[in-house]
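Below: one structure, written as structure tokens.
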Amino acid sequence: MFNKINSFPEGFLWGGATAANQIEGAYLADGKGLTTIDLMPKGSKRNEVAMGNLNSFEPEGEEVYPSHEAIDFYHRYKEDIALFSEMGFKSFRMSISWSRIFPNGDDLTPNEAGLQFYDNVFDELLKYNIEPIVTICHFDLPVNLAKTYGGWKNRAMISLFEKYSKTLFERYKTKVKYWMTFNEINMLLHLPYTGAGIIFEEGENKQQVLYQAAHHELVASALAVKACHEIIPNAMICCMLAAGNVYPYSSNPEDYWAVMEMERESYLLIDVQSKGEYPGYAKRFFIENGIDLQITSDDLEILQKYTVDYIGFSYYSSRCTSVDPEVLKNYTDGNVFGSVLNPYLETSDWGWTIDPKGLRITCNQIHERYNKPLFIVENGLGAQDTLLKDDTIEDDYRIKYLDLHFAEIAEAIKDGVDIIGYTSWGPIDLVSNGTGEMKKRYGFIYVDKHNDGTGTLRRIKKKSFFWYKDIIAENGSKY
Ligand code: BGP
């Protein structure tokens, strides 16, 4: 009656994922305007800026802005894409920098040189049969939109984003089939400046501001889904979630309820993008927290009509929680979302819990919640690599991490979860979003660039480069 499900299906989209501001550099080249990330320092102030508590529009002292040069993908994309092709990539996730297309965000006409740059990148990818997976907005927006409009606090952002995304669909309709609207939309609730260009004013009700901004992004995302379907009928467009299942620290029902609450916070915006309406638990949450959202009846209709085709998500860590104050003292910072230390799991050098089984659980949870195809668009290990004298990098720790995660993806597929692809985060070393530094490396390809900005930018294949190449060549058949 039932046939055995094999693991990775034919046509599985193996690849790697990046974001414009973490690789491109050339921050003012060819008419590009400043983006919010271009004014984010590295070092101790970075977090406060990311959280919207510190205005970074007037830089002070000797700040270093990592996005200004990054790894210079802008000038080296041909070399980098050739290396991706050598690994056998079937897909490459990248984002478009809004301010290359509309330097101020509200310009009347787009910047042709910016559009041309992405044409060149897509052509290069397609030359090697690598499918571009495009994030329309990955943690950056034109500075003018943050300064003049207050970022996504402002409803006017909806039509500006709609215009920007339509411009992209029209221009790239023959080249790009897979789209996603906002990177890790739920991160907006934790990193309001990074995610939405928000800087809080004195005395503002933060929750009110955050959920109103999120509502604006949801409507904008739904309008992008509409436009995408109209302009590119065979396209697939998704939302993108920072995912990671949560464990209760104990069998206390209160701990389990705390898990439910954490997961609901993560899923709330995705529930809207996938199911077309605010869930009941969200309405209760808004009322009980004095959050009064401005939502029109047109908004509700748009949200309901234009839901996403698939779910993209990042997975780095699981989390763990408890209601016991003593347990809560034992805490680690994950990828922004903190977690109680799970006694069964190890953490990376940056305190991120490593949990391959959590990826299988997460895939199953998202599948059961939405019943749509899934795309794992970020996963990987940030680690310090050492370039040895003979120009090699022995990154066995990265191979081990990926190997264990791939085995669990295979299990999830055998569980019946429809997973269409996997793009590992930072296939080439890039600037860390969290720290603004180079020393936290994810790549299969080493880039000779260092925290202090020095380095030749030379590209060097790591041991994991050859390992990933073999996995792709065999379509993960070992799992
Ligand atoms: C995700 C972001 C990425 C990326 C990744 C790793 O949240 O979407 O942009 O940076 O995290 O984080 P970090 O760079 O802080 O190691």
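Between ASP403, ASP349, which is within 16 Å of the ligand (Cβ to nearest atom) and surrounded by fewer than 21 Cβ atoms within 10 Å (Cβ to Cβ)?
ASP349
Please verify whether PHE139 is among the hydrophobic types (A, V, I, L, M, F, W, C), modelled with pLDDT of 95 or more and within 21 Å of the chain's Cα centre (by Cα), treating the condition exactly as stated.
For PHE139, the condition - among the hydrophobic types (A, V, I, L, M, F, W, C), modelled with pLDDT of 95 or more and within 21 Å of the chain's Cα centre (by Cα) - is met.
Here is a yes/no grid of residues against (1) closer than 29 Å to TYR249 by Cβ; (2) within 16 Å of the ligand (Cβ to nearest atom); (3) touching a Pro at 6+ places or on another chain (Cβ under 9 Å):
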site	(1), (2), (3)
SER274	no, no, no
GLY280	yes, no, no
ARG284	yes, no, no
ASP298	no, no, no
GLU301	no, no, no
ASP309	no, no, yes
CYS320	yes, no, yes
ASP324	yes, no, no
VAL327	yes, no, no
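As an exercise: evaluate LYS414 against (1) basic (Lys, Arg); (2) farther than 16 Å from GLU69 by Cβ; (3) within 15 Å of the ligand (Cβ to nearest atom) and give the number of the one condition it does not meet.
For LYS414, the failing item is (3).
What about GLY358, is it buried (at least 23 other Cβ atoms within 10 Å of the Cβ) and over 23 Å from TYR256 (Cβ atoms)?
The answer is no for GLY358.
Please specify each residue of the range 209-255 satisfying the condition of being without any contact (Cβ under 8 Å) to a residue 60 or more places away in the chain and β-branched (Val, Ile, Thr).
Residue satisfying the conditions is VAL209 alone.
Being over 11 Å from TYR315 (Cβ atoms) and of a type in the set (A, V, I, L, M) narrows it down to one of LEU387, LEU359, so name that one.
Unique residue meeting the criteria: LEU387.
Does any residue in the range 427-440 that is more than 9 Å from the ligand (Cβ to nearest atom) come within less than 6 Å, Cβ to Cβ, of a residue that is of a type in the set (Val, Ile, Thr) six or more places away or on a different chain, and which pairs are these?
If the second residue must be of a type in the set (Val, Ile, Thr), the pairs left are ILE428/ILE445; ASP429/VAL447.
Within the range 70-79, does at least one residue satisfy the condition of being assigned to a helix (DSSP H, G or I), modelled with pLDDT of 95 or more and within 16 Å of the ligand (Cβ to nearest atom)?
Yes, because at least one residue in the range 70-79 is assigned to a helix (DSSP H, G or I), modelled with pLDDT of 95 or more and within 16 Å of the ligand (Cβ to nearest atom).
Which numbered condition trips up VAL64, out of (1) among the β-branched types (Val, Ile, Thr); (2) under 16 Å from SER95 (Cβ atoms); (3) in a loop (DSSP other than H, G, I, E, B)?
Evaluating VAL64 over (1) among the β-branched types (Val, Ile, Thr); (2) under 16 Å from SER95 (Cβ atoms); (3) in a loop (DSSP other than H, G, I, E, B) leaves (2) as the failure.
Can you tell which of HIS215, HIS229 is assigned to a helix (DSSP H, G or I), crowded, with 20+ Cβ neighbours inside 10 Å and at pLDDT 95 or above?
Going through HIS215, HIS229 in turn, just one is assigned to a helix (DSSP H, G or I), crowded, with 20+ Cβ neighbours inside 10 Å and at pLDDT 95 or above: HIS215.
Identify all residues within the range 23-50 that are more than 16 Å from the ligand (Cβ to nearest atom) and not aliphatic (A, V, I, L, M); write none if there are none.
Across the range 23-50, the qualifying residues are TYR27, ASP30, GLY31, LYS32, GLY33.
Give me the residue from the range 444-474 that is exposed (fewer than 13 other Cβ atoms within 10 Å of the Cβ) and among the polar types (S, T, N, Q) and, out of that set, modelled with the lowest pLDDT.
Among them, the one singled out is THR454.
Among the helices (runs of 4 or more DSSP H) lying completely within the range 90-203, list those that include at least 2 residues that are away from the ligand (no atom under 16 Å from the Cβ).
98-101, 112-127, 143-149, 157-172
Are any of the residues in the range 382-397 under 27 Å from VAL64 (Cβ atoms), buried (at least 19 other Cβ atoms within 10 Å of the Cβ), of a type outside the set (D, E, K, R) and away from the ligand (no atom under 16 Å from the Cβ)?
yes
Only one of these is touching a Pro at 6+ places or on another chain (Cβ under 7 Å) and part of a loop (DSSP other than H, G, I, E, B): GLY11, GLY16, GLY33. Name it.
GLY33
Can you name the condition, by its number, that ALA20 falls short on among (1) within 13 Å of the ligand (Cβ to nearest atom); (2) over 25 Å from THR423 (Cα atoms)?
Only one criterion is unmet by ALA20, namely (2).
The values are calculated or read from the model by the stated rules, or taken from the named source; none is laboratory data. All figures in this text were calculated on a predicted structure; none of them were measured in a lab. In this analysis, Cβ positions are derived from the backbone assuming ideal geometry, glycine residues included, and neighbour counts consider all displayed protein chains.
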